[in-house]
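Here is the structure we will look at.
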Amino acid sequence: RFEGAWEEILGGGEARPRELDQASRKINVHRTDGGRSCRFTFSELCEASASPMGSSEFGLLASEFDTVLLSDLPDFNAGGATVDGLRRLVLFIDAAYDAKVAVVFSSDAPIADLWDPAEDIRDPRAANEHGDLIGGAAVVPVDTHTRFSLDRTISRLLE
């Protein structure tokens, strides 16, 4: 169904790249329909280490696109994403929700199963199990604010 949605948006055409300007920074959107729809993987949108996006970039995406397709959402508790990637997803979904952008997503698991608030988050790329002063723990305890943010994000995806 996800691929079918993207093909329908393309209307038989080809995906095209588009470059957006955000102050002194350029955002490369590799797959657009040439209009108001685009497509990302979770990794591209939330874990791009070369040029990670934040609130202002997500706000720009939300102002430029009416529909965003987001594929490959991972199981957050099972170590499918970094903690930073998870935080970026929260920021992106908040920006998209506030701008009334339709987000179509795909995942191997049902959305309600991607995040279990009773469990801590496992970060597969962390240096060690205990972390250091700036983070980096393999297991990140979920505090009240993080739990609320993730619950809100799942709720918004379900809408």
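Apply the Karplus parameterisation 6.51 cos²θ - 1.76 cosθ + 1.60, with θ equal to phi minus 60°, to every residue of region 32-38 and state each ³J(HN,Hα) to the nearest whole Hz, in sequence, with x for glycine and proline.
10, 8, x, x, 10, 10, 8
Kirkwood-based Rg over Rh for region 1-79 (C-alpha set), two decimals? Mind showing how you got there, number by number?
Details: Rg = 13.2 Å, Rh = 13.5 Å.
Result for region 1-79 is an Rg/Rh of 0.98.
What full-extension length gain, to one decimal in nm, is calculated for Glu8 and Arg156 as 0.36 nm per residue of separation minus the Cα-Cα distance?
50.9 nm
Just how far, in whole angstrom, is region 1-38 from region 79-93 if you go by their alpha carbon centroids?
Taking the Cα centre of each part, region 79-93 and region 1-38 sit 21 Å apart.
Throughout, read-outs are computed from the coordinates displayed, never taken from laboratory work. Keep in mind that what you see is a predicted model, and the values were worked out from it rather than measured.
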